[in-house]
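Chemist: Have a look at this one.
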């Protein structure tokens with residue numbers, strides 16, 4: 001099978017799989033190009049309430065295919081940033097499910113997700129210093145927002161890999177699961193996400209991303225959409241809520 005991004009949708013969760021096992025799921029130029037339109041299609045699907053990004057087999061993503069860097073490092077970096085930004089802008093909750101190596105461009109993609117769950121034994125690295133590449137400012141800021149300036153500098157200056165214990169302590173990952181338990185936990189957690197209010201999630205995602213001038217907008221959405229009334233009624237009636245607000249299609 002050619003290197004590609006595979007995807008499916010089940011029970012409200014879209015799963016995108018980086019598939020290039022011959023090169024530890026390295027991202028080719030074609031794969032970088034394919035990710036933004038794929039995400040746009042999934043965002044427009046009203047049945048999708050959350051997205052999981054993972055890698056084929058025992059590796060998340062080992063970064064960019066080095067052949068693309070040899071041909072045009074600037075173009076490869078531009079494509080990676082476009083893909084990263086498209087993932088960060090996905091309007092519904094995103095979760096990276098990490099096994100094995102999550103390095104270079106793979107770490108870029110994982111950092112662009114809202115959450116990261118990892119299996120014990122996974123390794124993380126941000127490796128431009130090994131190749132003489134200038135890491136993009138947007139990617140650097142995103143990394144700093146996750147792990148803080150000191151750990152971001154450690155990763156960027158050295159290119160060293162860190163294990164799940166350090167990744168958890170520094171905030172690079174949110175949960176670490178024993179071997180064989182990652183898939184079960186991701187399914188369980190995304191089931192929780194799909195049962196929650198999309199309105200709450202969309203507003204929280206926007207606010208956490210730094211947008212601070214939309215309180216009135218979201219208050220109006222809550223009032224008009226009915227999620228608040230439904231949530232309160234469900235709590236008082238001791239039943240699961242049936243939230244109806246959905247993320248509007250992109251203009």
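Bear in mind that the values in this text are calculations on the coordinates, not laboratory data. Remember, predicted model here, so these are calculated numbers, not experimental data. Glycine also receives a Cβ, built like all others from the backbone with ideal geometry; neighbour counts cover every protein chain displayed.
Chemist: Taking into account only those residues within segment 124-173 that are touching a strand residue (DSSP E or B) at 6+ places or on another chain (Cβ under 6 Å) and assigned to a helix (DSSP H, G or I), which is surrounded by the most Cβ atoms within 10 Å (Cβ to Cβ)?
Modeler: 167
Chemist: Restricting to segment 104-123, name every residue that is surrounded by fewer than 24 Cβ atoms within 10 Å (Cβ to Cβ) and either over 19 Å from the mean Cα position of the chain (by Cα) or in a loop (DSSP other than H, G, I, E, B) (or both).
Modeler: Result: 113, 114, 120, 121.
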